[in-house]
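Contents: one structure, followed by commentary.
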Amino acid sequence: MTTGRESAAVYGRGGGSLRRAVWLAGLLGAGIGFSRVVAVDASVLLACATGLAIVGVVGRGLVCRAALGLAVFGLGAGWCGFRVDESRADALGPALSWRAPTLLEARGVVLGAPAYVESGGAFAELVDRPGRMRFDLSLESVRGEAGWRSASGRLAVWVDGDELFGVRAGDRVQALGLARGVSPGTNPGEGDWRALAAQSGFAGHLGCASAELVSGIDYDSRWGAVRGWGIRVLGETRGRVRGVIEAGAGADRDSEDSTALLSAMLLGEREAGYDEVQSAFQRVGTAHVLAVSGLHLAFLTLLALVAVRAVSRRGWAEPFIVALIVLVYVLLAPARAPVIRAAIMVWIFLGADATGRRFDSLNTLAWAAIFVLIWRPLDLFSPGFQLSFSVVGALIALTPRVTQRWFGERPAPDEMRFASRVLWRIREAVVVSVVAWLVATPLVMHHFGMFNPLGAAATLIVMPLAVMVLAPGFLLLAVAAIAPGLAGAASSVLHALAGALRFVVAGIETIPIAVVYTPAVGWPLTIAMLMIIVWWLMAGSWRKLRGVMATAIVVVWMAASFLSPSLPRDQALRVDAFDVGDGTCMLVRTREACFLWDCGSMDLDIGVREIPDALRALGVRRLDAIVITHANIDHYSAVLDIVERFGAPAVLLGPSFNMANGDFGDPAAYLLHELERAGIQTRILFAGESIEPLNIDGEILWPPKDFEWRRANNSSLVMELRVSTGGGERSILLTGDIEAAAIEGLLVRRVDLSPDVMEAPHHGSARPGAMSFISDVGPAVVIQSTGPSRAGDERWAEVREGTRWLSTAEVGAVSVWIDVEGEVHSLNQLPAADTGRAMGAHR
């Protein structure tokens, strides 16, 4: 343990030349960030970096340092552009459309054993939607309309059904199906997935209607056969390890959760039940315990080092032996970025230790960051990279200072008794937990919209149990890889330990303040919060006026950010229609209300991540209500996920919910039951009734109580929203899934309908009644919430000519708002380069 003076020299400003790698990592990261903001040709940037490097080598003093710094900056920008924006001539990814599927036949090598993937979401177990088999295919060639050609990249192959016989890791196969490219990110809060896919060589998805469309073929080269054999051996070993983990599980839901927990903690796998387990750990601030990270690899390294020294002390060879053990683990675990990133960090530290010389830990960490950014430049923007390196860096730089400030100088080891040593260990654990929690909090708020007040305490409680799972778990993996029969009996014990860990986390989760959801926190505020936290940990004092004033400014800034209305000041009424595929979810906001008009999709897990991320990106903290137009699941499948995250005092329902049969196997009945259990008020609406608790100028126009409907679609709620502006009254008409009978009845009741904006009935199904309806009422803007099957239907061509038609299947999420002067504006989620459409104003 360093003394206070030594700590100041090592961790303070006196670091001097020891911190060159930190500067290099910072400049490299700045260059990567620059390349994603400013479009400059990668070859130009790399050429400039080369020239500056030559100037730096021949120069002296300030010129040398400035030139080399700019060279590293240019190298980061150019390398990122080269990795992300430049592609091989035979790359398949750029040739695939992300919207329109392409018939494609592909040949390649299966990279892993096919896995069965079930639908997620609150209604997954109630809807008879069979899962699919998935495997990754390393491409060799593809055949399109022009015949066979060589191809590079990786395809995710999805096969309908729950069986795929005869396909193993390492097999060479030929698959026929519909191929799609990678989505650019079609909702608020989503990144452009294409850049990440280009970085990792991922080309897209291939959907096969049956297992018969996937067939094995022989290798056409000896090298290919050898490569396939290696992949097969590795895949079979992984299968044995995974089988041992599953062997101790029972058939109940708790066993599924414990299997998901063990697979995540030990292998980085995402098995069935992972989303629920991960959400629980995230809500109590212990997600770092679940996901394989530097924490897990550091513990594995410690176990390996103890094992090596127990056999024989090898001196300088020990780090290499431990590094080899870590390499074997990385080969057994899925090749996910967090696992490899953590391994790189461990290998760099082991390499520094193998030199036998003193090294600066923060500098070594910076070198690890440099290697990771060279490998995957866009990891700079990932929460995993930011949390891993910022927290580890804070622990290295701040823990000695904080420990000394809080508890004084630690006595020498020979001066402490056993009880004193235990007490110091507890103190150090407290400091580590608090420092890690404080530094991670702004980043967690920025990326996930969560604040975990009990995060530090939860970590102290959970970590001992996590160690009790990791220690025998890693030993079990080692035995399972060699002799799975010997490891099977111990698997049940490991499941019991995992169950105890899950039970403790569930208990902490029930504490009301375990998680506080926050609105979107921008980067300026995130960085300001980090700076203030680091200042308080290093040297903060109430006697230092400047620091206290800066803290007060950040607190006021944060409060203003959290309390500011989500609707911009110049907007009077706004509708945001999210891209949810086959379904509807629209956010409606006025000055007084914020609610969802429908909340569902045939993608049953849309409410787990996509919709919450979109709502948070738009600044929504809490919903006043959710309106579900009718009892079709594509209009309510995400409701239970959303009310858990954003709350809602009431859910207002269309009259078709009166037909829910009370059987909890019926999705509509299950929804009503779960809402009642959560204490959320539900109410059936009819035309002319009040829309409480929504404080809006609006009216339910359809259906009347005396209307006899045969199809649930015709019982859909129809709502008219009105707003007074400087240009007069404006209105938006939301129509649900009404069809001919309802449209006819609605026009009889309201012959004067003339909305400025309206929703296309029944997702824009091209039916005569809907076409004449839109033509008759003449809106300036039509919002069509639909999947690809109804997009661009030529039967709408004549109607679309007279209006601005915004289809989520064509342009991603759309925003339409009426400003305070009465102008109607619209905005697409996707840029003009992707859609050919841009922002427009009407009237």
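The values are calculated or read from the model by the stated rules, or taken from the named source; none is laboratory data. For clarity, every value in this text was computed on a predicted model and none was experimentally measured. So basically every Cβ, Gly included, is an ideal-geometry build from the backbone, and we count neighbours across all protein chains shown. Keep in mind that these areas ignore ligands, DNA and RNA; they rest on the heavy atoms of the full protein, side chains included. Shrake-Rupley method; radii C 1.70, N 1.55, O 1.52, S 1.80 Å.
Separation of segment 418-444 and segment 15-58, taken as the distance between their Cα centroids, equals 36 angstrom. Can you list the chymotrypsin sites (Phe, Trp or Tyr not before Pro) in segment 368-435 that are in a DSSP coil and have 11 or fewer other beta carbons within 10 angstrom? For chymotrypsin sites (Phe, Trp or Tyr not before Pro) across segment 368-435 that sit outside H, G, I, E and B with at most 11 neighbouring Cβ atoms in 10 Å, the list is empty.
For segment 125-181, the list of trypsin sites (Lys or Arg not before Pro) that fall in a loop by DSSP and count at most 11 other C-beta atoms within 10 angstrom is empty. In whole percent, how big is the carbon plus sulfur part of the accessible area of segment 17-60, probe 1.4 Å, protein atoms only? Exposed carbon and sulfur together represent 73 percent of the surface. Rounded to the nearest 20, the size of the Cβ-charge dipole of the chain about its Cα centre is 4680 debye, with Lys and Arg at +1 and Asp and Glu at -1. Looking at segment 526-608, the trypsin sites (Lys or Arg not before Pro) that sit in a DSSP loop and have at most 15 other Cβ atoms within 10 Å of their own Cβ are 543, 544, 569, 591. Provide the percentage of antiparallel DSSP beta bridges, counting only those with both residues in the chain; round to the nearest 5. The antiparallel proportion sits near 75 percent. Using a ≥ b ≥ c from the Cα gyration tensor of segment 283-436 (square roots of the eigenvalues), is it rounded, prolate or oblate, where a/c under 1.5 gives rounded and otherwise the larger of a/b and b/c decides, a/b for prolate? Taking the square roots of the gyration eigenvalues as a ≥ b ≥ c, segment 283-436 is oblate. Which whole DSSP H helices in the chain pass both tests: a Cα extent of 30 Å or more along the axis and a mean Kyte-Doolittle value no lower than -0.5? Going by DSSP H runs, the hits are 61-85, 222-247, 383-407, 418-448, 455-482, 484-509. Placing unit charges on each Cβ (+1 for Lys and Arg, -1 for Asp and Glu) gives segment 35-181 a dipole about its Cα centre, and among 45, 93, 167 the Cα reaching farthest toward its positive end belongs to 45. When the chain is described by a simple charge dipole with +1 on each Lys and Arg Cβ and -1 on each Asp and Glu Cβ, the residue from 219, 734, 646 located farthest towards its positive end is 219. In this label model, residue 722 and residue 89 are separated by 6.7 nm, measuring between points 7 Å along each Cα→Cβ vector. Helical runs assigned H by DSSP (4 residues or longer) give the chain a calculated mean residue ellipticity at 222 nm of -15500 deg cm²/dmol, each run adding -39500 (n - 2.57) before division by the residue total. Taken about its Cα centre, segment 476-607 carries a charge dipole of about 940 debye when Lys and Arg each add +1 at the Cβ and Asp and Glu each add -1 at the Cβ.
For the pair residue 371 and residue 767 in one chain, pulling the backbone fully straight at 0.36 nm per residue adds 136.8 nm over the alpha carbon distance. On the beta carbon distance between residue 226 and residue 682, with R0 = 56 Å, the FRET formula returns roughly 0.35.
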